[in-house]
1. Of all residues being surrounded by fewer than 14 Cβ atoms within 10 Å (Cβ to Cβ), more than 17 Å from the chain's Cα centre (by Cα) and not charged (D, E, K, R) in region 56-70, which is farthest from residue 123 (Cα to Cα)? Just the residue, please.
2. Could you grab the pairs with beta carbons closer than 6 Å, sequence gap of 6+ or different chains, first residue in region 24-35 and closer than 13 Å to residue 159 by Cβ and in contact (Cβ under 8 Å) with a residue 24 or more places away in the chain, second one small (Gly, Ala, Ser) and part of a helix (DSSP H, G or I)?
3. Would you say residue 73 is modelled with pLDDT of 95 or more, touching a Ser or Thr at 6+ places or on another chain (Cβ under 8 Å), buried (at least 22 other Cβ atoms within 10 Å of the Cβ) and closer than 22 Å to residue 51 by Cβ?
4. Exactly one condition in (1) part of a loop (DSSP other than H, G, I, E, B); (2) touching a residue at least 24 places away in the same chain (Cβ under 8 Å); (3) among the hydrophobic types (A, V, I, L, M, F, W, C); (4) surrounded by fewer than 18 Cβ atoms within 10 Å (Cβ to Cβ) is not met by residue 105; state its number.
5. Could you pull out the residue among 63, 77 that is out of contact with any Phe, Trp or Tyr (no Cβ under 6 Å at 6 or more places or on another chain), within 16 Å of residue 47 (Cβ to Cβ) and polar (S, T, N, Q)?
6. Could you count how many residues in region 34-60 are assigned to a strand (DSSP E or B), modelled with pLDDT under 90 and not aliphatic (A, V, I, L, M)?
7. Criterion first (within 20 Å of residue 81 (Cβ to Cβ) and surrounded by fewer than 15 Cβ atoms within 10 Å (Cβ to Cβ)) does residue 110 satisfy it?
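The values are calculated or read from the model by the stated rules, or taken from the named source; none is laboratory data. Only a predicted model underlies this, so the values are computations on that prediction, with no experimental measurement involved. Glycine also receives a Cβ, built like all others from the backbone with ideal geometry; neighbour counts cover every protein chain displayed.
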Amino acid sequence: MLVEITWYGRGGQGAWTSSNILAMAAALDGKFAQSFPAFGPERSGAPMLAFTRISDEPIEIHSMVYNPDVVVVLDDSLISPKVLSGIKEGGLVILNYTGGQEDLFKRLGETPRGVKVYTTPATRLALEILKANITNTAMLGGLMKASEIVSWSSLEKAVRERFRGAVADKNIDLIKRAYDSTVKVR
């Protein structure tokens with residue numbers, strides 16, 4: 001089964017890094033995976049997209065993801081109806097968000113039928129643990145709560161391949177704390 005994920009973030013927040021870590025973990029689980037960004041000459045802080053595909057079969061699609069199964073939003077300022085564009089029925093949305101549900105759904109708009117929405121306090125946790133507003137690994141924790149798309153052991157190995165020493169340890173701690181703090185809101 002093919003799972004397609006769209007990551008919404010800002011340059012410098014690590015959306016593409018998260019996409020890469022997830023794809024690496026999927027490969028460690030014996031699956032086929034793709035990870036790639038979509039950005040132009042934007043500067044740090046500008047909105048950008050990243051994509052991940054994971055499948056049990058070889059992946060022959062080589063385009064952006066237009067109908068994601070999963071949407072992950074790393075920056076709460078990017079929450080809008082746009083992030084739901086094309087999401088499949090029964091899809092998952094994982095948002096970096098800590099406000100009230102009324103405000104959230106006013107900003108997000110109407111969710112398509114069967115779409116499940118989760119929130120993760122990624123900014124708060126990243127600032128606490130990493131001392132930086134780099135929310136990517138926190139959002140991996142949120143994604144794991146919504147759908148354990150890869151094994152925990154492979155995810156940890158992938159994080160340790162991408163980061164070293166204390167940085168890897170902090171990011172693994174951040175993933176676990178975000179997992180524990182993620183809540184299904186719809």
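1. If we take residues in region 56-70 being surrounded by fewer than 14 Cβ atoms within 10 Å (Cβ to Cβ), more than 17 Å from the chain's Cα centre (by Cα) and not charged (D, E, K, R), then 58 is farthest from residue 123 (Cα to Cα).
2. 24/158; 25/154; 25/158; 28/154
3. Against the criterion (modelled with pLDDT of 95 or more, touching a Ser or Thr at 6+ places or on another chain (Cβ under 8 Å), buried (at least 22 other Cβ atoms within 10 Å of the Cβ) and closer than 22 Å to residue 51 by Cβ), residue 73 does not qualify.
4. (1)
5. 77
6. Of the residues in region 34-60, 1 are assigned to a strand (DSSP E or B), modelled with pLDDT under 90 and not aliphatic (A, V, I, L, M).
7. Taking the combined requirement at face value, the residue satisfies it.
Residue-wise test of (1) within 15 Å of the chain's Cα centre (by Cα); (2) outside any loop (DSSP other than H, G, I, E, B).
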| position | (1), (2) |
| --- | --- |
| 93 | yes, yes |
| 119 | yes, yes |
| 131 | no, no |
| 139 | yes, yes |
| 154 | no, yes |
